[in-house]
Amino acid sequence: MVKAARPVIAAVLAGLCLLPVLRDGGALQGAVPDAAPTTPAATAAPRRVVSINLCTDQLAMLLAAPGQLVSVSDLARDRQYSVMADQAVAYAANRGLAEEVYLLKPDLVLAGRYTAQATVSMLERLGIPVVVFDPAASLAEVRAGMVDMGRALGREPQAAALLAAFDARLARIAPVSGPRPRAATYAANGYMSGSGSLVGDVIATAGFDHLADELGLPVGGFVPLESLVMASPDLVIMGDDLPGASRAEEVLHHPALQALPGARTAIEDRDWFCGLPAVLGAVERLAETRAGLGPAPAAVLP
């Protein structure tokens, strides 16, 4: 079996979970977390909610009232992509098609900015309210996403409790002082996540400087193996090997990469490309790795 390249999959899946806009007559325009509701739709909790995006699936599962969420996308059940695959089996699965969503008779649909756009357009024309969530590019936006989802579902107290638990867990991660080691993600086809992304913020919060900054890649890009080897970061972050093989991932097994003197660790895409509380697990794991590396080596001046 041939595997698809992980960055391509992540880009397709990314609708992530933040900064929503409720379209077709709803509220939440502009997605300011503490903005006052402006329409009855913002105060009346929806009774039949359907999510058609992997990331809104999981955030909705965390916050919805019993019986309120009636369907999530089929990807929510896939352990390769979802951190809540076990919980997702309790909900009807959908494939993000307008016809099947309409037949579920939702009074609210949750979608990602970059997924199922044809479905969103059709549902809007049918008069069904749709909340579209933009990608989370930082831990601050992960926090805002919890508030926004709570408002969309009429579950503000539950969102406040989830946010408090998130903040308490984040506060327990020891702050880092002194020189910061350099870390880089490296994936199929040599893709490196940008420093201005959620992944970048996770890396920075764990106590690392992101090699992407040095390479001028704030939003990510493809980095030749030679450039990575010459930069010689203190830590290379990769995903676990999946069954099968693909030419896009051959670079990840190159002897030059294996010979880098720095440390290596694995974090799966599912652990940090959605704006979920679970992203703190990636922060904690990287912070532990940072502590094990000791002081960062002093810069060598020319």
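Taken together, the values in this text are just the output of simple stated rules run on the coordinates, not laboratory data. Only a predicted model underlies this, so the values are computations on that prediction, with no experimental measurement involved. Cβ: placed from backbone, ideal geometry, glycine included. Neighbour counts: every protein chain shown.
Values computed for the structure shown
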item: Descending principal axes extents, the range 182-293, alpha-carbon based, whole Å; result: 34, 30, 28
item: Cα centroid of the range 216-239 to Cα centroid of the range 134-195, whole Å; result: 22 Å
item: Potential extension, ASP78-SER227 segment - 0.36 nm per residue separation minus Cα distance; result: 50.2 nm
item: Net charge dipole size for the range 182-293 [Lys, Arg +1 and Asp, Glu -1 on Cβ; Debye, nearest 20]; result: 60 debye
item: Packing-based exposure ordering (other Cβ within 10 Å, fewest first) of ILE203, ILE128; result: ILE128, ILE203
item: Order by protection proxy (mean Cβ within 10 Å, highest first), peptides 113-124, 55-66, 163-174, 264-275; result: 55-66, 264-275, 113-124, 163-174
item: If the convex hull is drawn through the Cα atoms of the range 43-103, its volume per residue in Å³; result: 82 Å³
item: Förster radius 22 Å - calculated FRET efficiency between ALA45 and GLU99, Cβ distance, rounded to 0.05; result: 0.25
item: Check: the range 122-249 dipole with +1 on Lys, Arg Cβ and -1 on Asp, Glu Cβ, in debye; result: 360 debye
